[in-house]
Amino acid sequence: MATKKQAVGHEYSFFQSVERSFDKAAPFTKYEKGLLEQIKACNSVYQMRFPVKIKGEVKVIEAYRVQHSHHKLPCKGGIRYSLGVNQDEVMALASLMTYKCATVNVPFGGGKGGIKIDPKQYTEEELERITRRYAAELIKKNFIGPGTDVPAPDYGSGEREMGWILDTYTSMRPGEIDAAGCITGKPIAQGGVRGRKEATGLGVFYGVREMCSNADDMKKLGMNTGIEGKRVAVQGLGNVGYHAAYFFQQNGAIIVGLSEMEGSIFNPKGLDVDAVMKCKKETGSILNYKGATKTTKKASDVLECDCDVLIPAALENVIDGANAPKIKAKIIGEAANGPLTPEADEILIKKGVVVIPDMYLNAGGVTVSYFEWLKNLSHVRYGRMEKRFQENAHTNMLSAVESLTGKSVSAADRSRIAHGPDEVDLVYSGLEDTMIVSYNEIREIKKSMKKINDLRTAAFVNAINKIGDSYLQLGIFP
Ligand code: NAD
């Protein structure tokens with residue numbers, strides 16, 4: 001595990017940062033020390049090394065799977081593909097998953113995986129070999145399965161990798177009826193759920209929108225309620241960052257800054273998110289985008305730009321004691337896991353910036369993964385049973401209203417009102433409700449406990465209370 005000194009120039013390692021946030025919240029809960037220690041501890045850590053033949057040579061790959069908490073099963077959490085992967089990072093991310101699941105009432109323990117590679121250095125075939133071998137290692141040690149541990153995508157991985165893992169699992173465990181539930185974030189054709197790909201970014205949008213809808217909270221920040229016209233900057237245009245930026249723009253926000261590894265682009269009048277993505281795809285860099293008024297070669301410049309809402313959506317520790325004083329945004333939405341160091345957190349609280357914490361804000365992914373897992377266990381697509389029934393019921397109701405009033409409903413209104421839910425409608429609606437309800441649970445705790453002055457501490461209190469109560473039911477703790 002990383003020591004303080006190993007923690008890439010920051011005072012605390014990532015896992016220590018999460019523990020620090022936990023310790024700050026623990027005094028506001030009712031549990032004795034032993035139970036709190038049990039909640040905090042990582043229950044199982046599997047560190048592995050396996051050989052894979054790459055371009056004729058054997059390469060030894062370092063990888064991890066951590067199950068932070070078994071208080072509820074299965075464990076749940078993504079698999080990161082990055083050269084930055086180490087045991088401390090995977091433990092931190094697994095522990096965040098435990099608190100995240102509790103925050104959004106998803107009945108799982110936290111888990112996380114990591115493969116220490118730069119996926120861009122490998123061909124698709126090599127990546128497949130590495131992924132399948134990693135999956136085989138998990139299967140051998142019972143670190144994957146619909147009832148034990150269910151991975152998902154994270155930084156550097158996506159649908160394609162999840163598909164390979166499922167295929168490896170089903171070939172090594174033939175005949176297992178619920179096998180599709182061993183992994184989420186899969187392609188639809190392999191049992192994935194519609195809406196999972198965009199779920200984390202969409203959840204980020206719903207969460208920030210909920211915060212911005214509270215007139216009292218927005219007045220304290222000197223801002224209007226609502227998303228319309230808010231100036232938003234996003235760091236990292238991967239799965240989470242792109243979708244968050246897209247939904248903000250679709251709902252009337254102005255995207256004033258975007259960044260990728262190669263640098264940042266700005267335009268106070270707004271950047272067109274899809275045009276920027278197209279440019280990146282065609283030319284290999286967002287810096288070639290013609291609609292920017294300013295372009296710099298520093299990826300971190302976007303963090304300090306003039307905006308209302310800042311969305312770090314790349315990696316951890318990007319805002320620290322050095323750049324936190326320069327942040328101009330009044331709201332920071334933590335789309336990435338752990339983008340703020342503890343020092344940055346303290347500085348921003350003192351500055352009056354509202355930080356919407358990762359363990360709540362990026363929980364859209366695990367929420368919809370939960371929906372996907374339920375779909376896999378029930379073996380039926382959402383909406384399949386009720387869509388036609390509801391459409392008929394709505395149509396009958398409209399006809400009754402028309403005959404009672406003597407007025408007819410327009411064709412456009414008829415198709416809007418009569419529409420029965422498709423899978424994606426139900427997934428979006430379940431996600432929206434989850435993000436609204438969970439935000440208000442956290443906000444209420446912050447409001448009712450006068451000594452808590454930030455949403456992160458309130459979110460930890462909320463999560464610890466839920467996890468603590470489920471441990472109490474075991475009867476071990478006094
Ligand atoms: P991704 O691999 O799809 O995208 C990450 C993007 O960030 C890449 O395009 C990369 O080039 C860019 N990037 C990396 N370093 C950067 C930097 N310094 N400045 C600007 N851009 C940079 O990963 P993702 O799935 O979008 O994950 C991003 C973050 O969100 C991670 O912290 C991850 O743990 C978290 N997260 C992801 C999910 C999910 O469903 N994928 C769910 C919850 C949390």
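Per-structure values
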quantity	calculated
Residue-normalised accessible area of the chain, given per residue in Å² at a 1.4 Å probe	43 Å²
Per-peptide average of other Cβ atoms within 10 Å, ordering 333-341, 169-177, 138-146 highest first	333-341, 138-146, 169-177
Karplus 3J(HN,Hα) series, Hz, for segment 28-43 with 6.51 cos²θ - 1.76 cosθ + 1.60 (x for Gly, Pro)	8, 10, 9, 8, 6, 4, x, 5, 5, 4, 5, 4, 6, 6, 7, 6
Accessible surface of the chain, 1.4 Å probe, proportion on carbon and sulfur as whole %	53 percent
Computed FRET value (nearest 0.05) for ALA275 with ALA322, which takes r as the C-beta separation and R₀ as 25 Å	0.15
Dipole magnitude of segment 103-161 about its Cα centre (Cβ charges: Lys, Arg +1; Asp, Glu -1), debye to nearest 20	260 debye
THR123/GLN473 FRET efficiency (R0 45 Å; Cβ-Cβ; nearest 0.05)	0.35
Debye, to nearest 20: dipole size of segment 270-326, +1 on Lys, Arg Cβ, -1 on Asp, Glu Cβ	340 debye
From phi via Karplus (6.51, -1.76, 1.60), per-residue ³J(HN,Hα) for segment 163-175 in Hz, x at Gly/Pro	x, 5, 5, 4, 5, 5, 4, 5, 6, 8, 10, x, x
Computed lengthening from ALA189 to GLU62, 0.36 nm per intervening residue step minus Cα-Cα distance	42.7 nm
Modelled FRET efficiency - R0 25 Å, LEU374 with LYS141, Cβ distances, 0.05 increments	0.45
Cleavage-rule hits, trypsin sites (Lys or Arg not before Pro), segment 343-388, DSSP coil, Cβ neighbours within 10 Å at most 13	ARG384
Dipole moment magnitude, nearest 20 debye, the chain about Cα centre, only Lys, Arg, Asp, Glu C-beta charged	300 debye
Gained length - ASP422 relative to LEU398, 0.36 nm times residue gap less alpha-carbon distance	6.6 nm
Added length on full extension, which subtracts the Cα-Cα distance from 0.36 nm per residue, ASN440 to SER44	139.3 nm
Estimated 222 nm signal from helices in the chain, with DSSP H stretches of n ≥ 4 weighted -39500 (n - 2.57), rounded to 500	-14500 deg cm²/dmol
Packing-based ranking, highest mean first, of 287-294, 154-161, 125-132 given that Cβ atoms within 10 Å are counted	154-161, 125-132, 287-294
Kirkwood Rh in Å, taken over all unlike Cα pairs in the chain	23.4 Å
Dipole axis of segment 370-478 (+1 Lys, Arg; -1 Asp, Glu on Cβ), positive-most option in HIS419, TYR370, SER408	TYR370
Net +/- balance of residues flanking ALA336 in space, Cβ distance below 12 Å, scoring K and R +1, D and E -1	-3
Relative contact order, percent, the chain [alpha-carbon distance under 8 Å, six or more residues apart]	15 percent
Cα lying deepest toward the dipole's positive end in the chain, options PRO342, LEU83, ASN105, charges on Cβ	PRO342
Charge-dipole axis of the chain as Lys and Arg at +1 and Asp and Glu at -1 on Cβ define it, positive-most pick from ASN288, GLY203, SER213	ASN288
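The values are calculated or read from the model by the stated rules, or taken from the named source; none is laboratory data. All values reported here derive from a predicted model rather than from experimental measurement. All Cβ positions, even for glycine, are placed from backbone atoms using ideal geometry, and neighbour counts span all protein chains on display. Only protein heavy atoms, including side chains, enter the accessible area calculation; ligands, DNA and RNA are left aside. Shrake-Rupley method; radii C 1.70, N 1.55, O 1.52, S 1.80 Å.
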